[in-house]
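For reference, the structure discussed in these notes is given below.
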Amino acid sequence: MQEIIKKQGVITIKADLGLIGLAVMGENLVLNMENHGFTVAVHNRTPEKIDQLLQGRGAGKNIIGAYTIEELASQLKTPRKVMLMVKAGEPVDLFIERLLEVLEPGDIIIDGGNSLYSDTIRRTKLLEDRGLFYVGAGVSGGEEGALTGPSIMPGGSKEAWPHIQTIFQAIAAQVDGEPCCEWIGSDGSGHYVKMVHNGIEYADMQLIGEAYFLMKHLLGFNAEEMQEVFEEWNQGELDSYLIEITGHILGKVDQDTGQPLLELVGDGAGQKGTGKWTSQEALDLGVAAPTIAEGVFARIISGAYDQRELAAKAFPFKTPQVDLDPAEFVEAVRQALFASKICAYSQGFDLLAQASKEYDWNLNLGEIAKLWRGGCIIRAQFLQHITDAYDQNPDLENLLLAPYFQETLKGNQESWRKVVALAVEQGLPVPGFASALAYFDSIRHPYLWTNLVQAQRDYFGAHTYSRRDRPGAFHTQWQLGDKVVTSDEV
């Protein structure tokens, strides 16, 4: 795949792609590409990182160091393809400005970071107006996935896809002989899909954390006992990357103290913003995604140390005193976890469906689920059921309505309710389980309390309301009696 050019007796090997940003993800992607037969030119803001790669993990490999942007551009095949693996936000714009000075019409810039989709829409238009192409590619899988095969979600200038498809699909994770990489759609669609992936990830991690929390406090399980539970769960329908690594984490012992390392880890959870973006977008598009939002809020409250310390003194936590059959309760928690997980994914795919309409992306939801089966953080066995659901009914209103998920929720809801009720009774917070259950009950209830909300809005703001027995918009002088005013009279 090398392009060899001979000028004045000197042989020069041109690179298939240039990559800027040699932090762990960028470096591992470079090694992944080289391992699949591609030559990569690399650049980093600090030249020491280039030297470290060329003299270390990249020694003797088809990796070319470029110490200036100009040098990087000169070492690439045409059309030039440059991938940015830098911090989202201003750094991406600054590198785009510098690249525009050395690239030409037809060349391609790829942003592989976690950029906000609206920035990608703006950047795609900027480059296309100048005759270049832009790709916003969501990359999931962490440092391990970057090296061995991530899930890649590219979107943007469709003209760029034929030039990068071979590289991206070669380095992506493979499931059943299919690459976990396919073209998503126009402008910011790739980064949007990655954003929603991360929002679901927030919810998934929160739900798993709650399952651990309940077994620890209501059953008194130690780390070793919980490790066995998660390892068993990973053999069934909960089989997933996050369940697998949870078992690994529970089995890790601190070498200094001999204690389970997890018990020494601080409980203030960090975040980088993609879960927040997903929740904000759900609010903007009018999509109910409470379990995803609870995953974000739970991390926020975990870091409110001063408030939590004062509240713990004001409202002391009482150790639960319950007599439970361990095997029965573990199974109930498993069912609650799986039911809640289904709701979280349903919320994420509902958001993707609405965004597809809003931004005219024509997203293939079944294909997206297929891309997440391997390489990415939320890869899980049951994603195949999501693909199957959309293959059977591309216009599916909500994942909960697919036959497989209907049957699962019907079978799990009794245990789910018992788990949430017991947690509330014993003062144990399970915002993920509870919000997922409330979402499930809200979406299935034939008539909600929001008729009163509409009446209240009409009372104080004359916002009007609809009626169940006739068409039209109505306004009532609620404080004056029974007179009803139709919308024509408002």
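Only one residue in T257, T246 is in contact with a helix residue (DSSP H, G or I) (Cβ under 6 Å, 6 or more places away or on another chain) and among the hydroxyl-bearing types (S, T, Y), so which one is that? Step through it out loud before you land on a result.
On the way: T257 fails: in contact with a helix residue (DSSP H, G or I) (Cβ under 6 Å, 6 or more places away or on another chain).
Answer to the selection: T246.
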Where L422 falls short, out of the listed (1) farther than 30 Å from A332 by Cα; (2) assigned by TED's automatic domain parsing to the domain that holds G236: (1)
Some residue of region 197-208 being surrounded by fewer than 23 Cβ atoms within 10 Å (Cβ to Cβ), hydroxyl-bearing (S, T, Y) and touching a residue at least 12 places away in the same chain (Cβ under 8 Å): no
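So which residues in region 372-418 are among the acidic types (D, E) and over 16 Å from L437 (Cα atoms)? Quick ask: steps written out before the conclusion?
Pass one, region 372-418, residues among the acidic types (D, E): 388, 391, 395, 397, 407, 414.
Residues satisfying the conditions are D388, D391, D395, E397.
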Yes or no: region 59-66 includes at least one residue that is at pLDDT 95 or above, closer than 21 Å to L132 by Cβ and either assigned to a loop (DSSP other than H, G, I, E, B) or in the same structural domain as F168 (by TED's automatic domain parsing) (or both). yes
Odd one out for A146, checked against (1) hydrophobic (A, V, I, L, M, F, W, C); (2) in the same structural domain as V424 (by TED's automatic domain parsing); (3) more than 17 Å from F349 (Cβ to Cβ); (4) surrounded by 24 or more Cβ atoms within 10 Å (Cβ to Cβ): (2)
Check region 11-22 and report whether any residue there is at pLDDT below 95, hydrophobic (A, V, I, L, M, F, W, C) and outside any loop (DSSP other than H, G, I, E, B). yes
Within region 302-335, how many residues are aliphatic (A, V, I, L, M), more than 33 Å from the chain's Cα centre (by Cα) and farther than 22 Å from Q413 by Cβ? 2
Of the residues in region 203-223 that are outside any helix (DSSP H, G or I) and not small (G, A, S), the one that is nearest to D254 (Cα to Cα) is N222
Given the condition in a helix (DSSP H, G or I), among the charged types (D, E, K, R) and under 30 Å from S435 (Cβ atoms), answer yes or no: does some residue in region 150-165 qualify? no
Show the residue pairs meeting these rules: Cβ distance below 9 Å; 6+ apart or different chains; first residue within region 261-278 and over 17 Å from E224 (Cβ atoms); second residue at pLDDT 90 or above and charged (D, E, K, R). G268/R299; A269/R299; G270/R299; Q271/R299; T274/K194; T274/E201; G275/E201; G275/R299
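For region 282-295, what are the residues that are assigned to a helix (DSSP H, G or I) and surrounded by 23 or more Cβ atoms within 10 Å (Cβ to Cβ)?
Filtering region 282-295 for residues assigned to a helix (DSSP H, G or I) gives 282-285, 290-295.
Answer for region 282-295, where residues must be assigned to a helix (DSSP H, G or I) and surrounded by 23 or more Cβ atoms within 10 Å (Cβ to Cβ): A282, T291, I292, A293, E294, G295.
Looking at region 224-234, is at least one residue touching a strand residue (DSSP E or B) at 6+ places or on another chain (Cβ under 6 Å) and assigned to a helix (DSSP H, G or I)? Spell out the reasoning first.
So in region 224-234, the residues touching a strand residue (DSSP E or B) at 6+ places or on another chain (Cβ under 6 Å) come out as none.
No, region 224-234 contains no residue that is touching a strand residue (DSSP E or B) at 6+ places or on another chain (Cβ under 6 Å) and assigned to a helix (DSSP H, G or I).
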When the residues of region 243-275 are filtered to those that are out of contact with any His (no Cβ under 9 Å at 6 or more places or on another chain) and buried (at least 21 other Cβ atoms within 10 Å of the Cβ), which remaining residue is farthest from N198 (Cα to Cα)? L250
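The values are calculated or read from the model by the stated rules, or taken from the named source; none is laboratory data. Predicted model, so just to flag it, every value in this text is computed and none were measured. With ideal geometry, Cβ positions are generated from the backbone for all residues, glycine too; neighbour counts draw on all protein chains shown.
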